1. Report the percentage of all Cα-Cα pairs in the chain whose separation exceeds 21 Å, rounded to a whole percent.
2. Angle check, please: helix 24-59 long axis (alpha carbons) against the longest principal axis of the chain (alpha carbons), in degrees 0 to 90, nearest 10.
3. FRET efficiency for ALA227 and HIS156, Cβ-Cβ distance as r, R0 = 22 Å, nearest 0.05?
4. Mind putting a number on the dipole of the chain about its Cα centre? Charges go on the C-beta only, +1 for Lys and Arg and -1 for Asp and Glu, and I need it in Debye to the nearest 20.
5. With charges only on Cβ, +1 for K and R and -1 for D and E, what is the dipole size of region 63-138 about its Cα centre, in debye, rounded to 20?
6. How large is the charge dipole for region 115-173, taken about the Cα centre, if only the Cβ atoms of Lys, Arg (+1) and Asp, Glu (-1) carry charge, to the nearest 20 debye?
7. Report ³J(HN,Hα) in whole Hz for each residue of region 188-204, in order, from the Karplus equation J = 6.51 cos²θ - 1.76 cosθ + 1.60 where θ = phi - 60°; Gly and Pro get x.
8. Can you tell which of ILE168, LEU209, GLY151 lies farthest toward the positive end of the dipole of the chain, using +1 and -1 charges on the Cβ of basic and acidic side chains (Lys, Arg; Asp, Glu)?
Amino acid sequence: MTTPMTSPMPAPPFVPGAVLRSPVGLGRATAVLLGLVIATDLFACFADLAERNVAGDLADGVTGAGVLHRADHADALYRVAGLTQAGALVATAVVYLCWLWRVRVNAEVFDQSAHSMRRGWTIGAWFCPVVNLWFPRRIVLEAWDASVPWGARIRHAPVNAWWTLWIISLLAGRFASMSWRHAGTPGLLRSAAGQMLFSDAVDVAAAILAIVVVVHLTRMQHRKALAGQVPSPVSG
């Protein structure tokens, strides 16, 4: 019977000539930046509510300097929210892709046969239209399966839940943006703001689950590296 390694040094390569690299630092940075995404999404929800409320008042016939001032303030909040969301998304995407590349390479060290797609798709899949709706999920799932500790049960629920919410948020956001661009009346603007509020709220939930996936996959790889090679069966 073998016991897990307690040394902080990584185990010898599982595949000849391959080297495991710790994903812990990148995993932590990704989780922190996803937290920033959540913060900007919550701010955007506040801006969406302000925009929806003032548009509703205008649609109901409210007039005067007070409602016009609120409308200007809501528009300013909405613009700032959009800029902060974009900045947080770009920064998070860069670090997240670095982390995903690291865990994908490590997963190949654990099990080369577990991957159905070339390594380049780890980055490219996110930017190719249509296939970006399911290729990234497959890449994460295959890295997840290869990283599960020896003898542990494979559970896909965290990845599936994260990806489902991500797709809902993505599609809802595009629909809301289209509605916003074509909102020529206060009533249509109120509807578009409500749609954007839904998209931003779902994105908060998706980002929370993304943190769960990143943290769990990072821990699995770290523990599997320390555990070393799968123990050979002992003949009786």
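Every number here is computed from the coordinates shown, using simple stated rules; none is lab data. On a predicted model such as this, the values are computed, not experimentally measured, just so you know. Cβ: placed from backbone, ideal geometry, glycine included. Neighbour counts: every protein chain shown.
1. 62 percent
2. 20 degrees
3. Step by step, r from the Cβ atoms, then E = 0.55.
4. It comes to approximately 860 debye.
5. 240 debye
6. 80 debye
7. 5, 5, 4, 5, 5, 5, x, 5, 5, 4, 4, 4, 5, 5, 5, 5, 4
8. Checked the options; the winner is GLY151.
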